[in-house]
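For reference, the structure discussed in these notes is given below.
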Amino acid sequence: MLRRWFADTESRRTDDAANFRTRRGRLITSSNATSANIGSGPAQRPNQSKDPNLPSDEQRPDRWFDTSAFSLPALYTFGSAPRNSVLGPGFANLDLVVAKTWSVAATRQLELRWEVFNVLNHTNFDIPSRIFGTANFGRIFSAKNPREMQLGAKFSW
């Protein structure tokens, strides 16, 4: 039955497509509240004493990077943390589309589509909180969308 449904003929056409995307984590710059007394404007950075990036097996949403690598700079001084010293979570996603089109008449077609986004239901975390001195520093509180599916039909004439 399924083989006959998916078989292409002059009046039926099956289309499918897969899209796999992946990227390395975003680089993040940590910042802190005003301690250099420069007012609002460019973000001020804390001091950084070591590499804050944890090995991947130690990264968790409640502790994405080593927050002990940062400290508050002396009053009226700038911190030593460089730009983009923290590597945020990466991204991996697989989307899938299966579509079937039937010719109903010479100029009419019926298309059914099933689309699945994030097929593997992989958790893609957002970036961690980067404001030094807050209770949430280094923690992640959100993620991208989980698996989503949609079914659609289109009649063209």
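A few notes on this one:
- Positive-end residue of 94, 109, 120, charge dipole of the chain with Cβ unit charges: 109
- Just so you know, the Cα atoms of the chain work out to an Rg and Dmax of 25.1, 79 Å.
Each reported figure results from applying straightforward, stated rules to the coordinates on display, with no laboratory input. As the structure is a computational prediction, the values presented were derived from the model and not from experiment. No Cβ is skipped: glycine too gets one built from the backbone with ideal geometry, and neighbour counts run over all protein chains shown.
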